[in-house]
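Below is one structure; the comments refer to it alone.
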Amino acid sequence: MIHLFLNGLGASAGGGLTYLRNVLPHLSRRGDVRAAVAIGAALRSEFEGLPNLEFADVPDIAGAARRFWFEQRQLPALVRKSGAQVLISAGNFALRKSPVPQILLSRNSLYTSADFYRDLCSRGEYAMWLDTRAKTALAKRSVFWADCTVAPSQAFAAELRRWTGRRVIVIHHGFDHEAFFRDQSPLPESVQHKLQGGEDYLRLLFVSHYNYYRNFETLFRAIPLLRQRLQGRKVRLFLTCRLREGENPGAYSTKRAAALIEQLGIRDEIVELGAVPYELLHQVYRACDIYVTAAYTETFAHPLVEAMASGLPIVASDLAVHREVCRDAARYCRTFDHEALAQCVKTLAEAKKGASMPLQPGKQQALEFSWPAHLQKMIDQAKQLIVHTPALRDAPETHGHY
């Protein structure tokens, strides 16, 4: 039996939470793995009671800087106390002096995105620019501190290799079809009411909390063009967030996006559903016609797999990672080109209305991604490190609870 320590303290929103919510249940079901897990108290309550998992007694830590300091100063002792053979650092930053071989999961493309830095400057977000630069330096050093770095896509792995000159392994993230569609509880009434509309409405969906790199503004600029080109057919773009200050993770300001909606005169077309519980999200996908994303940087993009599994045709910005995940199951447009995006949506809408849009390619492509397969590859990599990395670094192995 292999004994792992999974540091998930950096998971607070988006892909980090999706990763833990899928990986931990699968990890607990394996009889050949014992795992210690470090996550925040609020998230811990979701997983307590799962077999084969122990939870490190860690405090709730506010802020990335404080969390990084805690990890570097306190986490090594917890790893040693657990008796773990391999540490998996799942939050982009590695321990500088890990007491055991360490796998770093690197999945934040903001640190390598020139578009993100340009975007911050155009918005006057200079404090965020400096904060991201500081995190970028630590993320880059983390690749050198780790014994092995894993990226969730070939596209992002290639970016990391160019950035660091280090070897990076690709292990795709997964998708659990059965778990995603399992819960048939009704959506909250407020969400159901917003999803209702006329029979001939074209319902577009974008799943994300508000941030800059998902490029909401390009989606918004495409809506007036769609309104013209669809010759009277009504359009609704459903968002799983609210464009209000303080209602999204991170320090991203929604003011510019909210003002653009008013400037373009599309208030009726933009429907803010707010956050939808993950286990009910499949019902939102199935209530819509086309999934759209104009993101200018990504490392994997779980919602694309969810959309494909739900049978939605997709229009996506032309990123290497989007093509890797969707292949022929999506139409692609230039990243900041709202006119091209509107044209792609119009083409798909006409094909869908005429029943000439095949759904099988997307559903079949979604089957390519598996959490059990992801986990097996991670465990195989951990076993290789145990064999090929020198013995435990500076402490004898001990066992026990926290």
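The values are calculated or read from the model by the stated rules, or taken from the named source; none is laboratory data. Just so it is clear, the structure is predicted and the values come from calculations on it, not from any experiment. Ideal geometry is used to build each Cβ from the backbone, glycine not excepted, and the neighbour counts take in all protein chains shown.
Annotations for the structure displayed:
- The strands (runs of 3 or more DSSP E) located wholly in the range 23-95 that include 3 or more residues which are of a type outside the set (Asp, Glu) occupy 33-38, 86-89.
- Criterion violated by Leu226 - all others in (1) at positive phi; (2) buried (at least 21 other Cβ atoms within 10 Å of the Cβ) satisfied: (1)
- Per-region count, the range 330-347, residues under 19 Å from Thr297 (Cα atoms) and either free of Cβ contacts under 8 Å to residues at least 40 places away in the same chain or assigned to a helix (DSSP H, G or I) (or both): 8
- A count restricted to the range 307-332 and to residues that are among the acidic types (Asp, Glu) and either crowded, with 24+ Cβ neighbours inside 10 Å or under 20 Å from Val150 (Cβ atoms) (or both) stands at 1.
Condition check ((1) assigned by TED's automatic domain parsing to the domain that holds Phe156; (2) under 17 Å from Ala366 (Cβ atoms); (3) modelled with pLDDT of 95 or more) across all residues:
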{"site": "Thr240", "(1), (2), (3)": "no, no, yes"}
{"site": "Arg244", "(1), (2), (3)": "no, no, no"}
{"site": "Ala257", "(1), (2), (3)": "no, no, yes"}
{"site": "Glu262", "(1), (2), (3)": "no, no, yes"}
{"site": "Ile290", "(1), (2), (3)": "no, yes, yes"}
{"site": "Glu298", "(1), (2), (3)": "no, yes, yes"}
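- In summary, Ile61 fulfils each of the numbered conditions (1) of a type outside the set (D, E, K, R); (2) in contact with a helix residue (DSSP H, G or I) (Cβ under 8 Å, 6 or more places away or on another chain); (3) in contact (Cβ under 8 Å) with a residue 40 or more places away in the chain; (4) within 21 Å of Ile103 (Cα to Cα) with the single exception of condition (4).
- Test result for Val191, modelled with pLDDT of 95 or more and either over 28 Å from Thr132 (Cβ atoms) or of a type in the set (Val, Ile, Thr) (or both): no
- The one condition in (1) farther than 20 Å from Val23 by Cβ; (2) in contact with a helix residue (DSSP H, G or I) (Cβ under 9 Å, 6 or more places away or on another chain); (3) free of Cβ contacts under 8 Å to residues at least 60 places away in the same chain that Glu189 fails to fulfil: (2)
- Selection count where residues are touching a helix residue (DSSP H, G or I) at 6+ places or on another chain (Cβ under 9 Å), under 19 Å from Val168 (Cα atoms), hydroxyl-bearing (Ser, Thr, Tyr) and assigned to a helix (DSSP H, G or I), scope the range 107-151: 4
- Any hit, the range 240-261, residues being under 26 Å from Lys352 (Cβ atoms) and within 21 Å of the chain's Cα centre (by Cα): yes
- Filter result (polar (S, T, N, Q) and in contact with a Phe, Trp or Tyr (Cβ under 6 Å, 6 or more places away or on another chain)) within the range 121-175: Thr136, Ser142, Ser153
- Extreme residue, farthest from Val191 (Cα to Cα), among residues of the range 266-280 that are touching a helix residue (DSSP H, G or I) at 6+ places or on another chain (Cβ under 7 Å) and in contact (Cβ under 8 Å) with a residue 12 or more places away in the chain: Ile266
- Selection from the range 147-175 of residues that are crowded, with 18+ Cβ neighbours inside 10 Å and in contact with a Pro (Cβ under 9 Å, 6 or more places away or on another chain): Asp147, Cys148, Ile171, His172, His173, Gly174
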